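Written below as C-alpha coordinates is the structure these notes are about.
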Amino acid sequence: MPSRTHQITLIPGDGIGPEVTSATVSILEAACTPLGCTFDWHTYNAGADAFAKTGEYIPKALYDSIEQNRVALKGPVGTPIGAGFSSINVALRKKFDLYANFRPVKTLPGLKTNYPNIDLIIFRENTEDLYAGLEVMINPDIAQSLKIITSNGSTRIAKAAFEYARKHGRKKIHAIHKANIMKLSDGLFLRCCRKVAEGYPEVTYAEHIVDNTCMQLVLNPYQYDIILTTNLYGDILSDLCSAFVGGLGLVPGANLGKECAIFEAVHGSAPDIAGQDKANPTAVLQSAILMLHHLNEPEAANKIHAALEKVYAAGTSLTRDVGGTVGTKAFAEAVIAAL
Ligand code: ATP
(Lines give C-alpha, C1' and ligand atoms only; values in the text may rest on other atoms or scores of the structure.)
Protein backbone atom coordinates (compact mmCIF):
# COMPACT_ATOMS: atom_id res chain seq x y z
CA MET A 1 0.00 0.00 0.00
CA PRO A 2 1.45 3.46 -0.84
CA SER A 3 2.21 5.71 2.14
CA ARG A 4 -0.44 8.26 3.10
CA THR A 5 -0.10 11.34 5.27
CA HIS A 6 -3.25 12.78 6.82
CA GLN A 7 -3.45 16.44 7.81
CA ILE A 8 -5.32 16.53 11.11
CA THR A 9 -6.17 19.46 13.36
CA LEU A 10 -5.44 18.43 16.94
CA ILE A 11 -7.06 20.24 19.86
CA PRO A 12 -5.56 18.86 23.10
CA GLY A 13 -8.18 20.69 25.19
CA ASP A 14 -7.87 21.29 28.91
CA GLY A 15 -8.38 19.41 32.19
CA ILE A 16 -7.60 15.78 31.30
CA GLY A 17 -7.58 16.70 27.58
CA PRO A 18 -3.80 16.95 27.06
CA GLU A 19 -3.19 13.62 28.83
CA VAL A 20 -5.82 11.63 26.95
CA THR A 21 -5.04 13.15 23.54
CA SER A 22 -1.30 12.63 23.91
CA ALA A 23 -1.88 8.96 24.89
CA THR A 24 -4.13 8.60 21.84
CA VAL A 25 -1.63 10.21 19.48
CA SER A 26 1.15 7.88 20.69
CA ILE A 27 -1.07 4.81 20.07
CA LEU A 28 -2.13 6.09 16.63
CA GLU A 29 1.44 6.67 15.57
CA ALA A 30 2.65 3.28 16.83
CA ALA A 31 -0.22 1.51 15.06
CA CYS A 32 -0.37 3.42 11.79
CA THR A 33 3.26 4.08 10.81
CA PRO A 34 3.99 0.38 10.00
CA LEU A 35 0.88 0.44 7.75
CA GLY A 36 2.24 3.39 5.73
CA CYS A 37 -0.22 5.81 7.30
CA THR A 38 1.18 8.91 9.01
CA PHE A 39 -0.24 12.14 10.40
CA ASP A 40 0.71 15.80 10.27
CA TRP A 41 -0.79 17.12 13.49
CA HIS A 42 -1.78 20.81 13.36
CA THR A 43 -2.06 21.55 17.07
CA TYR A 44 -4.13 24.45 18.45
CA ASN A 45 -5.77 25.11 21.74
CA ALA A 46 -9.11 26.70 22.52
CA GLY A 47 -10.83 28.06 25.61
CA ALA A 48 -9.29 29.85 28.58
CA ASP A 49 -5.77 28.73 27.67
CA ALA A 50 -6.05 30.04 24.10
CA PHE A 51 -7.55 33.30 25.37
CA ALA A 52 -4.56 33.90 27.65
CA LYS A 53 -2.17 33.39 24.71
CA THR A 54 -4.03 34.89 21.74
CA GLY A 55 -6.86 37.03 23.14
CA GLU A 56 -9.39 34.74 21.39
CA TYR A 57 -11.27 31.78 22.87
CA ILE A 58 -11.20 30.07 19.50
CA PRO A 59 -8.18 31.45 17.62
CA LYS A 60 -8.74 32.27 13.96
CA ALA A 61 -5.82 29.99 13.10
CA LEU A 62 -7.77 27.07 14.61
CA TYR A 63 -10.86 27.83 12.53
CA ASP A 64 -8.68 28.11 9.42
CA SER A 65 -6.92 24.84 10.21
CA ILE A 66 -10.20 22.89 10.53
CA GLU A 67 -11.52 24.52 7.39
CA GLN A 68 -8.43 23.41 5.53
CA ASN A 69 -7.95 19.91 6.99
CA ARG A 70 -11.66 19.11 7.35
CA VAL A 71 -10.86 16.60 10.09
CA ALA A 72 -10.04 17.32 13.73
CA LEU A 73 -9.34 15.21 16.79
CA LYS A 74 -10.35 17.08 19.89
CA GLY A 75 -9.86 16.73 23.61
CA PRO A 76 -12.47 18.19 25.98
CA VAL A 77 -12.50 21.95 26.52
CA GLY A 78 -14.04 23.05 29.82
CA THR A 79 -16.86 25.59 29.96
CA PRO A 80 -17.35 27.73 33.07
CA ILE A 81 -20.63 26.98 34.86
CA GLY A 82 -23.24 29.70 35.20
CA ALA A 83 -21.02 32.54 33.95
CA GLY A 84 -17.99 33.27 31.79
CA PHE A 85 -17.42 32.44 28.12
CA SER A 86 -19.83 30.24 26.14
CA SER A 87 -19.08 26.65 25.23
CA ILE A 88 -16.19 26.19 22.79
CA ASN A 89 -17.57 22.75 21.92
CA VAL A 90 -20.94 24.21 20.93
CA ALA A 91 -19.29 27.08 19.03
CA LEU A 92 -17.18 24.70 16.91
CA ARG A 93 -20.18 22.47 16.14
CA LYS A 94 -22.20 25.48 15.02
CA LYS A 95 -19.41 27.15 13.06
CA PHE A 96 -18.78 24.03 10.93
CA ASP A 97 -22.44 22.99 10.92
CA LEU A 98 -21.59 19.61 12.46
CA TYR A 99 -25.21 18.69 12.78
CA ALA A 100 -24.92 14.99 13.58
CA ASN A 101 -23.40 13.83 16.84
CA PHE A 102 -22.82 10.09 16.51
CA ARG A 103 -22.14 8.24 19.76
CA PRO A 104 -21.80 4.46 19.72
CA VAL A 105 -22.13 2.88 23.17
CA LYS A 106 -20.66 -0.63 23.09
CA THR A 107 -19.33 -2.90 25.83
CA LEU A 108 -15.65 -3.78 25.61
CA PRO A 109 -14.78 -7.42 26.29
CA GLY A 110 -13.77 -8.38 29.81
CA LEU A 111 -15.30 -5.36 31.54
CA LYS A 112 -17.62 -6.38 34.36
CA THR A 113 -20.68 -4.13 34.28
CA ASN A 114 -24.29 -4.53 35.39
CA TYR A 115 -25.37 -4.57 31.75
CA PRO A 116 -23.27 -6.96 29.62
CA ASN A 117 -23.09 -6.79 25.81
CA ILE A 118 -24.58 -3.34 25.29
CA ASP A 119 -24.59 -2.15 21.69
CA LEU A 120 -26.61 0.98 21.11
CA ILE A 121 -26.07 4.19 19.20
CA ILE A 122 -27.14 7.74 19.94
CA PHE A 123 -27.75 10.21 17.12
CA ARG A 124 -27.97 13.60 18.80
CA GLU A 125 -28.90 16.77 16.90
CA ASN A 126 -25.92 19.01 17.44
CA THR A 127 -26.63 22.58 16.40
CA GLU A 128 -29.97 23.78 17.76
CA ASP A 129 -32.44 23.19 20.64
CA LEU A 130 -31.58 24.93 23.94
CA TYR A 131 -27.92 24.88 22.86
CA ALA A 132 -28.51 27.68 20.35
CA GLY A 133 -27.21 29.89 23.19
CA LEU A 134 -30.09 32.37 22.91
CA GLU A 135 -30.54 33.51 26.50
CA VAL A 136 -31.62 36.83 27.95
CA MET A 137 -32.38 38.24 31.39
CA ILE A 138 -35.90 39.64 31.06
CA ASN A 139 -35.33 41.35 34.42
CA PRO A 140 -33.03 40.48 37.36
CA ASP A 141 -35.46 37.74 38.46
CA ILE A 142 -36.48 36.20 35.15
CA ALA A 143 -34.14 34.47 32.71
CA GLN A 144 -35.22 33.18 29.32
CA SER A 145 -33.61 30.51 27.12
CA LEU A 146 -34.93 29.92 23.64
CA LYS A 147 -35.40 26.38 22.41
CA ILE A 148 -35.00 26.39 18.64
CA ILE A 149 -36.13 23.37 16.63
CA THR A 150 -36.27 23.57 12.84
CA SER A 151 -37.58 21.17 10.24
CA ASN A 152 -34.23 21.35 8.46
CA GLY A 153 -32.26 20.45 11.62
CA SER A 154 -34.69 17.68 12.59
CA THR A 155 -34.93 16.18 9.11
CA ARG A 156 -31.19 16.00 8.55
CA ILE A 157 -30.43 14.31 11.90
CA ALA A 158 -33.27 11.85 11.27
CA LYS A 159 -31.89 11.12 7.80
CA ALA A 160 -28.40 10.58 9.26
CA ALA A 161 -29.79 8.02 11.73
CA PHE A 162 -31.93 6.17 9.19
CA GLU A 163 -29.17 6.14 6.57
CA TYR A 164 -26.80 4.70 9.16
CA ALA A 165 -29.38 2.04 10.11
CA ARG A 166 -29.86 1.07 6.46
CA LYS A 167 -26.14 0.91 5.74
CA HIS A 168 -25.25 -1.06 8.86
CA GLY A 169 -28.32 -3.31 9.10
CA ARG A 170 -29.59 -1.80 12.37
CA LYS A 171 -33.21 -2.68 12.97
CA LYS A 172 -34.87 -0.11 15.21
CA ILE A 173 -34.90 3.65 15.79
CA HIS A 174 -36.54 5.35 18.76
CA ALA A 175 -37.15 9.10 18.48
CA ILE A 176 -36.89 10.55 21.99
CA HIS A 177 -38.91 13.67 22.78
CA LYS A 178 -41.11 15.59 25.20
CA ALA A 179 -43.79 16.55 22.69
CA ASN A 180 -46.57 16.06 25.25
CA ILE A 181 -45.34 19.27 26.93
CA MET A 182 -43.36 21.03 24.18
CA LYS A 183 -46.01 20.43 21.56
CA LEU A 184 -44.69 22.84 18.97
CA SER A 185 -40.92 22.34 19.15
CA ASP A 186 -40.67 18.64 19.97
CA GLY A 187 -43.86 18.12 17.96
CA LEU A 188 -42.07 19.49 14.88
CA PHE A 189 -39.08 17.23 15.59
CA LEU A 190 -41.38 14.18 15.70
CA ARG A 191 -43.23 15.10 12.52
CA CYS A 192 -39.90 15.33 10.68
CA CYS A 193 -38.71 11.98 12.10
CA ARG A 194 -41.98 10.28 11.08
CA LYS A 195 -41.72 11.64 7.55
CA VAL A 196 -38.11 10.44 7.16
CA ALA A 197 -39.05 7.04 8.67
CA GLU A 198 -41.57 6.47 5.86
CA GLY A 199 -38.66 6.17 3.42
CA TYR A 200 -37.06 3.34 5.45
CA PRO A 201 -39.72 0.64 5.85
CA GLU A 202 -37.08 -1.96 6.79
CA VAL A 203 -36.26 -0.01 10.00
CA THR A 204 -38.80 -0.19 12.84
CA TYR A 205 -39.65 3.30 14.06
CA ALA A 206 -40.91 4.06 17.58
CA GLU A 207 -41.23 7.10 19.85
CA HIS A 208 -40.57 7.40 23.58
CA ILE A 209 -40.93 10.35 25.93
CA VAL A 210 -37.57 11.32 27.41
CA ASP A 211 -38.39 10.84 31.11
CA ASN A 212 -39.86 7.40 30.46
CA THR A 213 -36.76 6.66 28.33
CA CYS A 214 -34.51 7.21 31.36
CA MET A 215 -36.48 4.61 33.31
CA GLN A 216 -36.72 2.23 30.35
CA LEU A 217 -32.98 2.48 29.78
CA VAL A 218 -32.18 1.58 33.37
CA LEU A 219 -34.75 -1.27 33.39
CA ASN A 220 -33.86 -2.72 30.00
CA PRO A 221 -31.41 -0.91 27.71
CA TYR A 222 -31.51 -3.85 25.27
CA GLN A 223 -34.86 -2.66 23.92
CA TYR A 224 -33.01 0.22 22.23
CA ASP A 225 -30.92 -0.03 19.08
CA ILE A 226 -30.59 3.54 17.79
CA ILE A 227 -31.70 6.56 19.82
CA LEU A 228 -32.52 9.60 17.69
CA THR A 229 -32.99 12.81 19.63
CA THR A 230 -32.58 16.53 20.03
CA ASN A 231 -29.53 18.25 21.48
CA LEU A 232 -30.25 18.49 25.24
CA TYR A 233 -31.88 15.06 25.63
CA GLY A 234 -29.00 13.57 23.60
CA ASP A 235 -26.43 15.15 25.93
CA ILE A 236 -28.11 13.78 29.04
CA LEU A 237 -28.89 10.33 27.64
CA SER A 238 -25.27 9.99 26.44
CA ASP A 239 -23.91 10.30 29.98
CA LEU A 240 -26.61 7.92 31.24
CA CYS A 241 -25.81 5.34 28.56
CA SER A 242 -22.07 5.62 29.20
CA ALA A 243 -22.71 4.06 32.64
CA PHE A 244 -23.87 0.81 30.95
CA VAL A 245 -20.44 0.24 29.46
CA GLY A 246 -18.17 1.42 32.29
CA GLY A 247 -18.59 5.19 32.35
CA LEU A 248 -17.55 8.35 30.60
CA GLY A 249 -13.96 7.20 30.13
CA LEU A 250 -15.10 4.85 27.38
CA VAL A 251 -17.65 6.39 25.03
CA PRO A 252 -16.48 8.04 21.80
CA GLY A 253 -18.18 10.53 19.55
CA ALA A 254 -18.08 12.02 16.08
CA ASN A 255 -19.45 15.44 15.17
CA LEU A 256 -20.32 15.14 11.51
CA GLY A 257 -21.25 17.79 8.94
CA LYS A 258 -21.29 17.99 5.15
CA GLU A 259 -17.76 19.42 4.92
CA CYS A 260 -15.91 18.69 8.17
CA ALA A 261 -15.80 16.25 11.05
CA ILE A 262 -14.56 16.67 14.61
CA PHE A 263 -13.94 13.52 16.65
CA GLU A 264 -14.18 13.85 20.42
CA ALA A 265 -15.15 11.83 23.49
CA VAL A 266 -18.52 12.20 25.18
CA HIS A 267 -16.80 13.21 28.44
CA GLY A 268 -15.84 16.69 29.50
CA SER A 269 -12.59 18.00 30.93
CA ALA A 270 -12.98 16.20 34.32
CA PRO A 271 -10.99 18.81 36.32
CA ASP A 272 -11.21 16.61 39.43
CA ILE A 273 -8.67 14.14 38.00
CA ALA A 274 -6.71 16.44 35.66
CA GLY A 275 -2.91 16.27 35.65
CA GLN A 276 -2.78 13.17 37.85
CA ASP A 277 -2.23 10.46 35.21
CA LYS A 278 -5.61 8.99 36.22
CA ALA A 279 -7.78 9.65 33.17
CA ASN A 280 -8.87 6.85 30.88
CA PRO A 281 -7.91 7.68 27.28
CA THR A 282 -10.20 4.97 25.82
CA ALA A 283 -13.01 7.38 24.89
CA VAL A 284 -10.67 9.63 22.88
CA LEU A 285 -8.91 6.59 21.43
CA GLN A 286 -12.24 5.14 20.30
CA SER A 287 -13.07 8.56 18.81
CA ALA A 288 -9.77 8.33 16.91
CA ILE A 289 -10.81 4.88 15.65
CA LEU A 290 -13.99 6.48 14.27
CA MET A 291 -11.73 9.11 12.68
CA LEU A 292 -9.60 6.40 11.01
CA HIS A 293 -12.75 4.88 9.47
CA HIS A 294 -13.73 8.36 8.27
CA LEU A 295 -10.25 8.72 6.71
CA ASN A 296 -10.74 5.38 4.96
CA GLU A 297 -8.07 3.65 7.04
CA PRO A 298 -10.05 0.58 8.13
CA GLU A 299 -6.96 -1.59 8.62
CA ALA A 300 -5.45 0.86 11.11
CA ALA A 301 -8.82 1.30 12.83
CA ASN A 302 -9.31 -2.45 13.20
CA LYS A 303 -5.73 -2.96 14.39
CA ILE A 304 -6.14 -0.45 17.22
CA HIS A 305 -9.57 -1.76 18.12
CA ALA A 306 -8.22 -5.32 18.34
CA ALA A 307 -5.37 -4.14 20.62
CA LEU A 308 -7.82 -2.24 22.81
CA GLU A 309 -10.04 -5.31 23.11
CA LYS A 310 -6.99 -7.41 24.03
CA VAL A 311 -6.04 -5.02 26.85
CA TYR A 312 -9.62 -4.97 28.20
CA ALA A 313 -9.99 -8.75 27.91
CA ALA A 314 -6.70 -9.26 29.82
CA GLY A 315 -7.86 -6.77 32.45
CA THR A 316 -4.42 -6.26 33.99
CA SER A 317 -3.60 -2.77 32.64
CA LEU A 318 -6.82 -0.84 33.12
CA THR A 319 -7.33 2.61 34.59
CA ARG A 320 -9.04 3.21 37.93
CA ASP A 321 -12.42 4.36 36.55
CA VAL A 322 -12.99 0.81 35.25
CA GLY A 323 -11.63 -0.97 38.31
CA GLY A 324 -7.96 -1.12 37.34
CA THR A 325 -4.86 0.28 38.98
CA VAL A 326 -2.69 1.79 36.24
CA GLY A 327 -2.37 5.36 34.99
CA THR A 328 -3.08 6.96 31.61
CA LYS A 329 0.46 6.46 30.33
CA ALA A 330 0.78 2.82 31.42
CA PHE A 331 -2.57 2.05 29.81
CA ALA A 332 -1.39 3.59 26.53
CA GLU A 333 1.83 1.55 26.72
CA ALA A 334 -0.22 -1.63 27.22
CA VAL A 335 -2.30 -0.86 24.11
CA ILE A 336 0.87 -0.20 22.11
CA ALA A 337 2.35 -3.50 23.31
CA ALA A 338 -0.85 -5.29 22.25
CA LEU A 339 -0.84 -3.87 18.72
P1 ATP B 1 -19.40 18.23 30.13
O2 ATP B 1 -20.72 18.71 30.60
O3 ATP B 1 -18.32 19.23 30.05
O4 ATP B 1 -19.49 17.32 28.93
P5 ATP B 1 -19.47 15.92 31.81
O6 ATP B 1 -20.78 16.09 32.47
O7 ATP B 1 -19.43 14.92 30.71
O8 ATP B 1 -18.86 17.27 31.30
P9 ATP B 1 -16.94 15.29 32.92
O10 ATP B 1 -16.11 16.47 33.18
O11 ATP B 1 -16.62 14.55 31.69
O12 ATP B 1 -18.46 15.62 33.00
O13 ATP B 1 -16.74 14.24 34.06
C14 ATP B 1 -17.66 13.75 35.00
C15 ATP B 1 -16.89 12.76 35.88
O16 ATP B 1 -16.58 11.57 35.13
C17 ATP B 1 -15.56 13.35 36.27
O18 ATP B 1 -15.67 13.87 37.54
C19 ATP B 1 -14.57 12.22 36.21
O20 ATP B 1 -14.31 11.71 37.48
C21 ATP B 1 -15.24 11.16 35.34
N22 ATP B 1 -14.55 11.07 34.03
C23 ATP B 1 -14.83 11.77 32.91
N24 ATP B 1 -14.00 11.44 31.92
C25 ATP B 1 -13.15 10.52 32.41
C26 ATP B 1 -12.04 9.80 31.87
N27 ATP B 1 -11.63 9.96 30.61
N28 ATP B 1 -11.39 8.95 32.68
C29 ATP B 1 -11.78 8.76 33.96
N30 ATP B 1 -12.81 9.40 34.53
C31 ATP B 1 -13.50 10.28 33.76
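The values are calculated or read from the model by the stated rules, or taken from the named source; none is laboratory data. Worth saying up front: this structure is predicted, and the values here are computed from it rather than measured. Positions of Cβ are generated from backbone atoms using ideal geometry, with glycine treated the same way; all protein chains shown enter the neighbour counts. Please note that ligands, DNA and RNA were not included when accessible areas were found on the heavy atoms of the full protein model with its side chains. Shrake-Rupley method; radii C 1.70, N 1.55, O 1.52, S 1.80 Å.
Largest first, the residues 112, 171 sort by 1.4 Å accessible area into 112, 171. Among 172, 183, 258, the sequence by solvent-accessible area, most first, with a 1.4 Å probe is 258, 183, 172.
Per residue, the convex hull spanned by the Cα atoms of the range 125-245 amounts to 117 cubic angstrom. Residues whose amide H falls under 5 Å from that of residue 225, counting only those 5 or more places apart or on a different chain, are 174, with hydrogens built in the peptide plane.
Phi-derived couplings, Karplus 6.51 cos²θ - 1.76 cosθ + 1.60 at θ = phi - 60°, listed residue by residue for the range 268-276: x, 7, 6, x, 4, 10, 5, x, 10 Hz, with x used for Gly and Pro.
Hey, which of these cross-link pairs are over 23 Å Cα-Cα: 74/159; 303/329; 74/278; 94/258; 74/94?
From the list (74/159; 303/329; 74/278; 94/258; 74/94), the Cα-Cα distance tops 23 Å for 74/159.
Compactness check for the range 252-325: Cα Rg over 2.2 N^0.38 Å is 1.23. A Förster distance of 25 Å, applied to the separation of the beta-carbon atoms of residue 299 and residue 171, puts the FRET efficiency at 0.30. Working from Cα pairs under 8 Å separated by at least six residues, relative contact order for the chain is 22 percent.
Here the convex hull built on the C-alpha positions of the chain has a volume of 143 cubic angstrom per residue. Rolling a 1.4 Å probe over the heavy atoms of the protein chains gives the chain an accessible area of 44 Å² per residue.
Accessible area ranking (1.4 Å probe, heavy atoms, ligands and nucleic acids excluded), largest first, for 222, 233, 205: 222, 205, 233. Would you be so kind as to identify all helices of the chain, as entire DSSP H runs, whose Cα atoms reach 15 Å or more along the helix's own axis and whose mean Kyte-Doolittle hydropathy is at least 0.5? Both cut-offs are met by 17-32, 282-294. Close amide H pairs (under 5 Å, H built 1.01 Å from N) link residue 4 with 37, 38, residues at least 5 positions away or on another chain.
Among the protein heavy atoms of the chain, carbon and sulfur supply 56% of the accessible surface, probe 1.4 Å, non-protein parts ignored. When cysteine pairs in the chain are screened for C-beta atoms closer than 4.7 angstrom, the residues that find no partner are 192, 193, 214, 241, 260.
Here's how it looks for residue 263: its modeled amide H is under 5 Å from those of 72, 73, 74, 255, which are all 5 or more places away or on a different chain. Computed from the C-beta positions of residue 52 and residue 198 and an R0 of 41 Å, the FRET efficiency is 0.20 to the nearest 0.05. Listed by chain and number, the aspartates and glutamates whose C-alpha is less than 20 Å from the C-alpha of residue 178, apart from same-chain residues fewer than 8 away, are 125, 128, 129, 186, 207, 211, 225, 235, 239. Backbone phi angles across the range 136-142, fed through the Karplus curve with coefficients 6.51, -1.76 and 1.60 (θ = phi - 60°), yield HN-Hα couplings of 9, 8, 5, 8, x, 10, 10 Hz in residue order; Gly and Pro are listed as x.
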